[in-house]
Amino acid sequence: RIYDKLQNIWKGSVTSYFPAFHVRNALGNIFNNFVAGVKNPQSYLDASTIQKGTGILPDTLKKLIPNANTYEDARKILAELGVTSEGQFAVESVGEIEKLMGKATGRKLAEAPRAVGKAIENNARIAHYVEQISKGMPTDEAAKSVNKFLFDYSDLTPFERNVLKRIMPFYTFSRKNIPLQIEQIFKQPVKYKAVIDAVRGLQSGDLTPEEKKYMPDYLLEKFGINLGRSKKGYPQILSGLGLPVEDLEKLGK
């Protein structure tokens, strides 16, 4: 129990409280939605409206969420279908910090990162759902599609939950993501090639053999975008965009 508490506090401290984590999470969700065929920006705007709206649901959204008359009804139905969730780390990580600091202080520290993480994750999940519905996919199938491409983090075997998650702190994401990326890269190679080519096109080939030799592993394992050189001539590289396909880079090592 002590180990679990410490691990979850650590996970919360290196994720939920940093804007970079939420940005990578948003980019990763958009990428997986793109792979699933969810590409219309209007779907994300509709999702945001559903998340924040009050009162009567407009007819355009009623068509996407049957049996919902108000925004509150829509959010309740989406939760019951399993489309929306608390987010990847909201419960297990930030919740432990809340317990550690005491209810009053901990709630204040946990409230903001939990709200941000939940809003970002559910925006992508609702966008996925409403676009699949708009394309004629049945309600249950659309909900299953959400959990396939954006993951149901509670869907683990007892062995995975009790053993593997303790050995590997971020096991759940990799467990869900790597099989999905392998499956989809064979099913939709053109999409992956387009994304990889776009990123590679932003990379520079002007690194010297010595610079490549001493390039840190964490840059080699990620898609790095060259931002040119500093005034002293050192390479400047932006890496770790959080694209789910980056997990496949690990398999070769």
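The values are calculated or read from the model by the stated rules, or taken from the named source; none is laboratory data. Quantities reported herein were computed from a predicted structural model and do not represent experimental measurements. Virtual Cβ from ideal backbone geometry, glycine too; neighbours counted across all protein chains shown. Surface areas here come from the heavy atoms of the whole protein model, side chains and all, with no ligands, DNA or RNA. Shrake-Rupley method; radii C 1.70, N 1.55, O 1.52, S 1.80 Å.
Of the residues Val38, Val14, the one with the largest accessible area comes first in the ranking Val14, Val38, computed with a 1.4 Å probe on protein heavy atoms. With every protein chain in place and a 1.4 angstrom probe, the accessible-area ranking of Ser145, Ser134, largest first, reads Ser134, Ser145. Relative to the dominant Cα principal axis of the chain, helix 71-81 is inclined by about 70°.
Under a 5 Å amide H cut-off, with hydrogens placed 1.01 Å from N, Ile225 pairs with Leu238, Ser239 among residues at least 5 apart or on other chains. Taking the C-alpha atoms only, the angle from helix 41-52 to the longest principal axis of the chain is near 50 degrees.
Beyond 24 Å between alpha-carbons counts as too far, so tell me which of Lys39/Lys191; Lys165/Lys212; Lys62/Lys135; Lys52/Lys118; Lys144/Lys191; Lys165/Lys187 fall in that bin. Violating the 24 Å Cα-Cα cut-off are Lys165/Lys212; Lys165/Lys187. Please report, as a whole percent, how much of the solvent-accessible surface of segment 1-50 comes from carbon and sulfur atoms (probe radius 1.4 Å). Using a 1.4 Å probe with all protein chains present, segment 1-50 comes out at 69 percent carbon and sulfur.
Both radii come from the Cα set of the chain: Rg as radius of gyration, Rh as Kirkwood radius; their ratio Rg/Rh reads 1.00. Ranked by the mean number of other Cβ atoms within 10 Å of their residues, highest first, the peptides 41-51, 184-194 fall in the order 41-51, 184-194.
Ranked from largest to smallest solvent-accessible area, with a 1.4 Å probe on the protein heavy atoms, Thr84, Thr208 come out as Thr208, Thr84. Taking Cα atoms only, the orientation of helix 189-201 departs from the longest principal axis of the chain by about 50 degrees. The mean accessible area for residues of the chain, using a 1.4 Å probe and ignoring ligands and nucleic acids, is 57 Å² per residue.
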